[in-house]
1. Quick one: is residue 342 of a type in the set (Lys, Arg), open to solvent by 70 Å² or more (accessible area, probe 1.4 Å) and part of a helix (DSSP H, G or I)?
2. Which one is least open to solvent (accessible area, probe 1.4 Å), of the residues in region 449-471 that are in contact with a strand residue (DSSP E or B) (Cβ under 7 Å, 6 or more places away or on another chain) and at positive phi?
3. Among 164, 168, which is the only one that is in contact with a Ser or Thr (Cβ under 9 Å, 6 or more places away or on another chain) and among the hydroxyl-bearing types (Ser, Thr, Tyr)?
4. Identify, by number, the condition in (1) touching a Ser or Thr at 6+ places or on another chain (Cβ under 6 Å); (2) more than 30 Å from residue 456 (Cα to Cα) that residue 735 doesn't meet.
5. Suppose we filter 205, 180 for residues that are out of contact with any helix residue (DSSP H, G or I) (no Cβ under 8 Å at 6 or more places or on another chain), in a strand (DSSP E or B) and modelled with pLDDT under 90; which single one remains?
6. Against the condition open to solvent by 20 Å² or more (accessible area, probe 1.4 Å) and aromatic (Phe, Trp, Tyr), how does residue 233 come out, does it pass?
7. Give all pairs with beta carbons closer than 8 Å in which a residue from region 351-367 that is more than 19 Å from residue 256 (Cβ to Cβ) meets a residue that is open to solvent by 40 Å² or more (accessible area, probe 1.4 Å) and in a helix (DSSP H, G or I); count only pairs at least 6 apart in sequence or on separate chains.
8. Please list, ordered by residue number, the helices (runs of 4 or more DSSP H) wholly in region 653-741 having 2 or more residues that are at pLDDT below 90 and surrounded by 13 or more Cβ atoms within 10 Å (Cβ to Cβ).
Amino acid sequence: MKPKLTWIKKTVAVSVSIIAAVIILAILFISPIAKYLIQKYDVKYTGREIKLDWIYVNPFTGYIHINDLKIYEVKSDSVFFSADGLSANLEMHKLFSKTYELSELTLTKPIGVISQNISAFNFDDLITRFTSQDSLPKKITEPLHFNILGIKIKEGTFYYYERSIPVSYSIKEVNIETEGKTWNVDTLLAKFSLISGIGSGVMKGDITLNLKSLDYRFAVLASKFDLSVLQQYLKDISYYGNLKANFDADVKAKGNFTNSEDIDAKGYLSLNDFHFGKNKTEDYASFKKLVISAKELSPKNKKYSFDSLSLMQPYFKYELYDHLDNLQYMFGKKGQKVVEAKATSGNTNFLFQIADYVKTLAKNFFKSNYKINRLAIYKADMRYVDYSLSEKFEASASELNVFADSIEKSDKWVDLTFRTQLKPYGKASLDLSINPKDSSDFTIKYHLSELSAAMFNPYLITYTSFPLDRGTIELKGNWHVNNGIIQSNNHFIVLDPRITKRAKGDGAKYVPLKLFMFFIRERGNVIDYEIPITGNLKNPKFKLKDVFLDALTNLFVKPVTIPYRTEVRNIENEIENAFSISWEMRKNSLQPKQEKFINELLKYLKNDSKASLTITPVLYAEKEKEYILFFEAKKMFYIATTKGNKEKLTKEDTVSIERISVKDSVFIHYLNKHVGKEMLFTTQSKCEKLVGINQINSLLNKLRLDRKKVFTAYFSKEELANKVKFMPGHNAVPYNGFSFYKIAYSGEWPEDLRRAYNKMADLNNESPRKKFNREREQNRKLLQAR
């Protein structure tokens, strides 16, 4: 028995050894063989070269691991896809049941590159190769089943390039995990997380996709996700510009990929730190935050329910130039650059895709069931700058707030309020009630007040040659619009307008404004007109007949307008017992009647040993700089073209320089020639480039010192300089539109001195309220006498 048992043991041992040897040899040799076959037949079967460091294949367990995998672009040494490691587990026992199942597929640190050129992608060849008829089995007697389970992507990085625009973008630290898909189930569920490859930002969430019906459901959380990639798309539709933003999101949605309107979404979306403009330092539009909180957003079902829509600290600047404006310079005349980009790259430019999708979401909004619990705009800043005039005009609405609560289609009326401060001076308010079912039914009550008439001097100088040195504008009205039919009343008032001397300079149109004022002003130096507007929204009619009749009445009657229909509000910088002397732009000399007033001051200082003056200079630095800038640039032009580059100028030369229009075509040609190819759109910026900002600041400082020297000379001559104290002064936009010296007299102003001041017919800063009260008293006495 023992020999037989020994023989059996030997046989088993030999058999086990042979099997083990076969397994070991299979494992040892099949891996290098697999690597050899992959690299030999890679191009033949995939069309691409494949390289790898090493591969481990276990034919008995079905486990495969590839280390340092690289797949190259077609006929290129550029890598299309790579991974530090690829691991898969093939269920070998299921092969006998015609089922191919990967129970685990893991990619470690994969790097993928997607490249697009209009409609062509760098993976189109793979799709064509593996979906062609040649790649399919010729005869299938029994169905084959494919299962891919336990898919994991760890710390991936993926790059996207759009060659035609061009655009470069990436995402990194991409982690995706899914249970996978079996052959008899159409739904795929995956969880993901990633980081923006440009700037900062994290995004994570989950998505469920039906591969057959293309129905989807997703939930996404994003935090400060950078949208700097949009800057690259902007270059496609504009000649220049800068765009940046980031967003936060907590959104849940479901829908279908085949129908963009088939979406039902809810959640929170916040677009943050948005900046759009000429460059990184100059914005045309921006806002701190746009928040959209939606309860239900369903274009297909025509339901739009928002908890809130709010825009925080929006900013917008519109600049008008001699040719076009800031937006048309960026996007082409009438948006020509956008039209061209739409025709060539409309399907690939993400900005167009966003615009189209927003358009889809907003489709039929007003015909749908909508509700907005809270609509708000906080601290908006809207600016308008006109460089097309002989000098710059700028105005803005700051601290603008708009509020509306409970906007709902079922409501009969929706109320909206608008409040803002106007700069440099003024206030504006608007109350709107609108029918949400019919936007042609609404009422508006508006009121603009405390506007300085002098702020409109750039227009007055350009179109009449005469600026104002005093005046307060008020405009208010009520509109009732029913089915588009307008019934409105608009009340326009100018209190105490006063014209100063004609501005020099060729190019400005001449209108006899003083004669014009004689017709339109009423007693008490007030312009006061009702201007009804009727008709419909498409064709409004201005009833100017009443204005002409009032002007005709003023010619013969000049009625006493008591009481006035408005009152002048407190003006900034108004101080009791304070007078002022204004300076002409870029001048350091006083006018004759200003000198007479100073002589009256000297008399009182001599007669009153305790009297003294405190002078506070208020410099309109921005406007003074502009005047200096224009003169110096025109001087350089004048010397170069008429003086043979000799800088010595006569008084007649100075007058000639002042009369040169800054819009003169020869002067503009001179500027363009000397500033080079820099992107300068305004005459001001070209002059600054020519003259130099340091030179302008130096001349402005010299002007300030020269004015002080001229003013103090009157008092030094009479040995009264010790009674005049100069304060440091400050820069501001004066209400009367000119730099001035504010004069404070110790004690109460003597009545004779007040009368002398009122007779001073120069640019001055007398309070409109004081003049209003004074003339109202005069009119009261006149009526009593009658």
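The values are calculated or read from the model by the stated rules, or taken from the named source; none is laboratory data. Given the structure is predicted, the values throughout are model-derived calculations rather than measurements. Neighbour counts are summed over all protein chains in view; Cβ atoms, including those assigned to glycine, are modelled from backbone coordinates with ideal geometry. Protein only, heavy atoms only, side chains kept; ligands, DNA and RNA dropped before computing areas. Shrake-Rupley method; radii C 1.70, N 1.55, O 1.52, S 1.80 Å.
1. Details: of a type in the set (Lys, Arg): yes; open to solvent by 70 Å² or more (accessible area, probe 1.4 Å): yes; part of a helix (DSSP H, G or I): yes.
So residue 342 fits the description; yes.
2. Residue satisfying both the conditions and the ranking: 471.
3. On the way: 168 fails: in contact with a Ser or Thr (Cβ under 9 Å, 6 or more places away or on another chain).
It is 164.
4. That leaves (2) as the condition not met.
5. Values: 205 fails: modelled with pLDDT under 90.
Matching residue, one of 205, 180: 180.
6. Values: open to solvent by 20 Å² or more (accessible area, probe 1.4 Å): no; aromatic (Phe, Trp, Tyr): yes.
Against the criterion (open to solvent by 20 Å² or more (accessible area, probe 1.4 Å) and aromatic (Phe, Trp, Tyr)), residue 233 does not qualify.
7. If the second residue must be open to solvent by 40 Å² or more (accessible area, probe 1.4 Å) and in a helix (DSSP H, G or I), the pairs left are 352/342.
8. Numbers: elements: 665-675, 683-691, 693-717.
Passing ranges, in order: 665-675.
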